[in-house]
Amino acid sequence: MEGKLVLPGDYLGNIEEFIPGHFVMEENGRLYSKVVGIAKIDKDNMTINIHPLNPVPELKPRQIVYGVVNELYTEFALVSVVWIENEKRAIVGSRQEGVIHISKIQQEYVDDIGKMFRIGDIVRARVIKSKPSLQLSTAEPELGVIKALCMKCRNQLIKRDNVLYCERCNRIETRKTSTLYGNIKIKLLDRDIGEN
């Protein structure tokens, strides 16, 4: 088995032989590969691992990520991270929930998180910490909301000076916008996000 190319669902052995490691699942005492990769056995610990040929992107501190604001609370925003900047593939099937604490939204004091983000906003953020929980920041000028929709008519907002404007209903809204607002386009799951 050592060094062999395996596919998802390939039988690797049983629980009496090996301890399941990375990308190995156990079902009824039998071990199977979760991904396409190379099987590796750690003989000291009797663990079997799969080293993926096309690994899922891993979140690390200092990376720039893109996500969608899912929930707002008094002290933080909950964001579903869907993309790591400069990666060739999305974080499909393993989307990570990240938190932007109110103190990490911008460098100035924020008294109301609802003025900075709205549910559905697409944000560009920096990973502060990836484990044990994902913590993000939008405090730098090029970080923040890159796409937002009008709260009233759901038309895409355009940036004018330091506010967001809806051309359809003439509504003005505030957000913690990125200096790149409206200028980022990402192809994601057969749809574009961040485009005007």
Has region 62-73 got at least one residue that is of a type in the set (Lys, Arg), at pLDDT below 90 and assigned to a loop (DSSP other than H, G, I, E, B)? no
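Could you look through region 140-161, keep only residues that are farther than 22 Å from Glu85 by Cβ and touching a residue at least 12 places away in the same chain (Cβ under 8 Å), and pick out the one that is surrounded by the most Cβ atoms within 10 Å (Cβ to Cβ)?
Within region 140-161, the subset farther than 22 Å from Glu85 by Cβ is 149-155, 157-158, 160-161.
If we keep only those that are touching a residue at least 12 places away in the same chain (Cβ under 8 Å) as well, we get 149-153, 155, 157-158.
Working: Leu149: 18, Cys150: 20, Met151: 14, Lys152: 12, Cys153: 11, Asn155: 13, Leu157: 27, Ile158: 14.
Applying the filter and picking the extreme gives Leu157.
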Per-region count, region 5-29, residues in contact with a Leu (Cβ under 9 Å, 6 or more places away or on another chain) and loosely packed, with under 13 Cβ neighbours inside 10 Å: 4
Across region 130-150, the tally of residues that are of a type outside the set (Val, Ile, Thr) and closer than 20 Å to Ile119 by Cβ stands at 10
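Of all the residues that make up region 111-127, how many are open to solvent by 70 Å² or more (accessible area, probe 1.4 Å) and within 16 Å of Val65 (Cα to Cα)?
Qualifying residue count, region 111-127: 0.
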Among the residues listed as Asn86, Asn54, Asn70, Asn45, the single one being in contact with a Leu (Cβ under 8 Å, 6 or more places away or on another chain) and surrounded by fewer than 17 Cβ atoms within 10 Å (Cβ to Cβ): Asn70
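Taking the conditions exactly as written (open to solvent by 70 Å² or more (accessible area, probe 1.4 Å) and in contact with a Phe, Trp or Tyr (Cβ under 9 Å, 6 or more places away or on another chain)), does Tyr32 satisfy them or not?
Details: open to solvent by 70 Å² or more (accessible area, probe 1.4 Å): no; in contact with a Phe, Trp or Tyr (Cβ under 9 Å, 6 or more places away or on another chain): yes.
No.
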When the residues of region 2-44 are narrowed to those that are assigned to a loop (DSSP other than H, G, I, E, B) and on the phi > 0 side of the Ramachandran plot, which ends up modelled with the lowest pLDDT? Gly3
Working only within region 34-56, note down all residues that are farther than 18 Å from Gly9 by Cβ and hydrophobic (A, V, I, L, M, F, W, C). Ile41, Met46
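Does Ser137 fit the bill of being open to solvent by 10 Å² or more (accessible area, probe 1.4 Å) and either among the polar types (S, T, N, Q) or touching a helix residue (DSSP H, G or I) at 6+ places or on another chain (Cβ under 7 Å) (or both)? Give the steps one after another, and end with the answer.
Values: open to solvent by 10 Å² or more (accessible area, probe 1.4 Å): yes; either among the polar types (S, T, N, Q) or touching a helix residue (DSSP H, G or I) at 6+ places or on another chain (Cβ under 7 Å) (or both): yes.
Yes; evaluated as a whole, the condition is true for this residue.
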Cross-chain or 6+ apart pairs with Cβ under 8 Å, region 9-33 first and over 11 Å from Met46 (Cα atoms), then in a strand (DSSP E or B) and among the basic types (Lys, Arg): Tyr11/Arg30; Gly13/Arg30; Asn14/Arg30
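The values are calculated or read from the model by the stated rules, or taken from the named source; none is laboratory data. Since the model is a prediction, treat every value here as computed from it, not as a measurement. So basically every Cβ, Gly included, is an ideal-geometry build from the backbone, and we count neighbours across all protein chains shown. Remember, those area values only see protein heavy atoms, side chains included, never the ligands or the DNA or RNA. Shrake-Rupley method; radii C 1.70, N 1.55, O 1.52, S 1.80 Å.
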